[in-house]
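Trainee: Following this message is one structure expressed as structure tokens.
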Amino acid sequence: MSGVAVLGVGMHPWGKFGKSFVEYGRVAARAALEDAGIDWTDVQMVAGANTWRGGYPGLVSGAAFAQELGWNGTRLSSSFAACASGAQAIGAARAHILAGLCDVALVIGADVAPKGFFGPFGGGDQTDPDWLRFRLLGATNPTYFGLYAQRRIAAYGASERDFAMVKAKNSRAGALNPNARFTKVVTEDEVLASAYVAEPLHLLDVCATSDGAAALVITSEEYARRKQLERGGRAVRISALSTNSPTYPNNVIEMPNFATDSTLAVPAPDEGFKTSLASSAYAEAGLGPDDLNLAEVYDLSTALELDWYEHIGLCAEGEAEKILHDGVTSLGGRVPVNPSGGLASFGEAVPAQAIAQVVELTIQLRGDAGERQVPNANVGMSINQGLFGHGSAVIVTA
């Protein structure tokens, strides 16, 4: 499938600021428009990634952002897919461009996150599995993260120090990113000295919650070529985007479920859900893991980052700790992972996260990342997982 171009990127710095998610989105959008060298009136579609924490406007975020920027008759789209919401919004805009319905789209995600761990949404819908896991089990997200970490220890002999190495690596990258919330370099010993949250994970192994926003201007390739000729610079393309669901039976427990289909009765699928997100994107782009120069993966916890190394094909199953120790995934390594600093440095602003990952890939492929620049970056992948079977992978190429 043909790609579309990323013409502009923008972010609101992440942290806790006490403002509306719409305001954060406006700042990111204006930055992306300025970066693209276009005016708001040039935009033909706004694709918003939704937050439930902003009240009713959060559920129609495309319209909320368009109104904040000033109604101009654009097409609108609003997407909710948990942590993959931003990728769904990119996908909606990309589909409109590829269908010839517009040439210029603005994709925006923003959130205002609660202090501490995410809790259940209001309403008390007893058919909602997310409501049930909080009310019946009292299981916050770090409970799952801890279970995955225990699984990694049992299956592959990982250690708490391995997990701490991931945090230390990402903190070194985040210290170089002006949009990151946490810019202090953290040592492995400091991670291990922090309190347990969900053993074997310590407080510094688990990402925080944050306010923040990210935006992209994506266009048809023809429009981008005209602009690039006018402005110079390096064209960056979205060459693949996958948002496929799990395959029955999903034999590894995924949030928010604590039970899963039994492989005693039904054979396990040939490929697990998270791996399928990457392989679908590789197939669409006509690329493979050996083509990657960098990746942005979803480090909700340090242990989960190690899982992603294997899901995106950087190494065989059980070998993530080895490539971490060998420096493969650090800045300066063969395939740096989370050169932005990852969620370890930003925290979770759910609808903005998948967009922010593509922002980082774009900056890297342009060669504009400064001290955290990955040399000769031409191919990057972002990947994440959301609740309820959602997930996404995006491949960006130069």
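The values are calculated or read from the model by the stated rules, or taken from the named source; none is laboratory data. Note that the structure is a prediction, hence the values are computed from the model and not measured. Quick reminder, even Gly has a Cβ in these numbers, built from the backbone with ideal geometry, and neighbours come from all protein chains shown. Note: accessible area is taken over every heavy atom of the protein model, side chains too, but ligands, DNA and RNA are not part of it. Shrake-Rupley method; radii C 1.70, N 1.55, O 1.52, S 1.80 Å.
Trainee: How much accessible area per residue does the range 1-89 have, in Å², with a 1.4 Å probe?
Mentor: Working: 3420 Å² over 89 residues.
Heavy-atom accessible area per residue stands at 38 Å².
Trainee: Further question: Give me the distance between the Cα centres of the range 355-398 and the range 120-176, rounded to whole Å.
Mentor: 23 Å
Trainee: Going toward the positive end of the dipole of the chain, with +1 on Lys and Arg Cβ and -1 on Asp and Glu Cβ, which of 48, 156, 32 do you reach last?
Mentor: Going by the charge dipole, the pick is 32.
Trainee: Please list the radius of gyration and Dmax for the range 272-398, considering alpha-carbon atoms only, with Å as the unit.
Mentor: Here Rg and the maximum Cα pair distance are 13.2, 38 Å.
Trainee: Based on Cβ point charges of +1 for Lys and Arg and -1 for Asp and Glu, what charge dipole magnitude is obtained for the range 310-398 about its Cα centre, in debye rounded to the nearest 20? Kindly include the intermediate steps, with their values, before the conclusion.
Mentor: Numbers: 4 positive and 9 negative charges, 50 e Å.
My answer is approximately 240 debye.
Trainee: Can I ask one more? Counting only protein chains, not ligands or nucleic acids, how are 196, 24 ordered by accessible area (probe 1.4 Å), most first? The partial results should precede the final answer.
Mentor: Numbers: 196 115, 24 0 Å².
Final ranking, largest accessible area leading: 196, 24.
Trainee: How long are the three semi-axes of the equivalent ellipsoid of the range 234-282, in whole Å, if each is the root of 5 times an eigenvalue of the C-alpha gyration tensor, listed from largest down? If you can, show how the numbers build up before the last one.
Mentor: Working: eigenvalues 173, 28, 8 Å².
Result for the range 234-282: semi-axes of 29, 12, 6 Å.
Trainee: Which three extents, in whole angstrom, do the alpha-carbon atoms of the chain cover along their principal axes, largest first?
Mentor: That works out to 56, 49, 44 Å along the principal axes.
Trainee: Where does each of 324, 59 land when they are ordered by accessible area, with a 1.4 Å probe and the largest first? Can you show the working numbers first?
Mentor: Working: 324 5, 59 85 Å².
Descending accessible area places them as 59, 324.
Trainee: Let me know the shape class of the range 174-235, please: from the alpha-carbon gyration tensor, a ≥ b ≥ c as square roots of the eigenvalues, rounded when a/c is under 1.5, otherwise prolate if a/b is greater than b/c, or oblate.
Mentor: On the way: a/c = 4.23, a/b = 3.08, b/c = 1.37.
Prolate, since a/c reaches 1.5 and a/b exceeds b/c.
Trainee: Okay, next question. Could you state, as a whole-number percent, how many of the C-alpha pairs of the range 132-223 are farther apart than 15 Å? Working shown, then result.
Mentor: On the way: 2877 of 4186 pairs.
Above the 15 Å cut-off, the range 132-223 has 69 percent of its Cα pairs.
Trainee: Enter the accessible area per residue of the range 269-398 (Å², integer; probe 1.4 Å; all protein chains in place).
Mentor: Numbers: 3670 Å² over 130 residues.
Each residue of the range 269-398 exposes 28 Å² on average to a 1.4 Å probe.
Trainee: I want to verify the translational diffusion coefficient of the range 1-109 in µm²/s; compute it with Stokes-Einstein, Rh as the Kirkwood radius over Cα pairs, at 37 °C and 0.692 mPa s.
Mentor: On the way: Rh = 13.8 Å.
After rounding, the answer is 237 µm²/s.
Trainee: On the accessible surface of the chain, probed at 1.4 Å, how many percent belong to carbon and sulfur atoms?
Mentor: Numbers: 7970 of 15430 Å².
Here it works out to 52 percent.
Trainee: To continue, here is another question. Within 10 Å of each candidate Cβ there may be at most 12 other Cβ atoms; applying that plus a DSSP loop requirement, which chymotrypsin sites (Phe, Trp or Tyr not before Pro) in the range 46-138 survive? Don't skip to the answer; put the middle values down first.
Mentor: Working: sites: 52, 65, 71, 80, 117, 118, 121, 131, 134; in loops: 52, 71, 80, 117, 118, 121.
Sites meeting the loop and neighbour criteria: 71.
Trainee: Rounded, prolate or oblate, given the Cα gyration tensor of the range 202-327, with a/c below 1.5 counting as rounded?
Mentor: Prolate, because a/c is 1.5 or more and a/b exceeds b/c.
Trainee: Going by accessible area, probe 1.4 Å, with all protein chains left in place, what is the ranking of 130, 291, largest first?
Mentor: On the way: 130 10, 291 70 Å².
Putting 130, 291 in descending order of accessible area: 291, 130.
Trainee: Kindly count the pairs of lysines across the chain whose alpha carbons are less than 26 Å apart, treating pairs on different chains or eight or more residues apart as eligible.
Mentor: The number of close lysine pairs in the chain is 17.
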